[in-house]
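In what follows, a single structure is set out as C-alpha cells and then discussed.
The values are calculated or read from the model by the stated rules, or taken from the named source; none is laboratory data. On a predicted model such as this, the values are computed, not experimentally measured, just so you know. Positions of Cβ are generated from backbone atoms using ideal geometry, with glycine treated the same way; all protein chains shown enter the neighbour counts. Areas reflect the complete protein model, heavy atoms only, side chains present, ligands, DNA and RNA absent. Shrake-Rupley method; radii C 1.70, N 1.55, O 1.52, S 1.80 Å.
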Amino acid sequence: MEPAGMDYFCEQVQQKDVGRRMQVGQELLEYLGDPARSSDLEQDQQRLDKVIDELTAWVNSSNFKVR
C-alpha cells in the first residue's frame, strides 16, 4: 500500500512500537526524497509541524535504532 501523504505520516509517527517506527522512518525518507509524491508538504504546514514534533521525540528516544 502506498502511503497517502502527510495525513498518513502524521498518524504513523505517533506509533510507539520500535519496529513500526523503523518502517515508518524508512517510508518517510522515501516519501520526502520523491518530489512527485511529497507535493502536499507545502499545503499543510500544521500537519508537517506535528510530524516534525513527533520526530523530535524519536531523536530523544532511548532506543538507538529509532534515533
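Scan ASP49, ASP53 and give me the residue that is of a type in the set (D, E, K, R), closer than 16 Å to LYS16 by Cβ, open to solvent by 50 Å² or more (accessible area, probe 1.4 Å) and at pLDDT 75 or above.
ASP53
Among the residues of the stretch 1-30, which ones are open to solvent by 40 Å² or more (accessible area, probe 1.4 Å), of a type in the set (S, T, N, Q) and in contact (Cβ under 8 Å) with a residue 12 or more places away in the chain?
The answer is GLN14, and nothing else.
So the check is Cβ under 6 Å with 6+ separation or different chains; which pairs have a first residue in the stretch 31-42 that's open to solvent by 80 Å² or more (accessible area, probe 1.4 Å) and a second one that's part of a loop (DSSP other than H, G, I, E, B) and among the small types (Gly, Ala, Ser)?
Matching pairs, first to second residue: LEU32/SER38.
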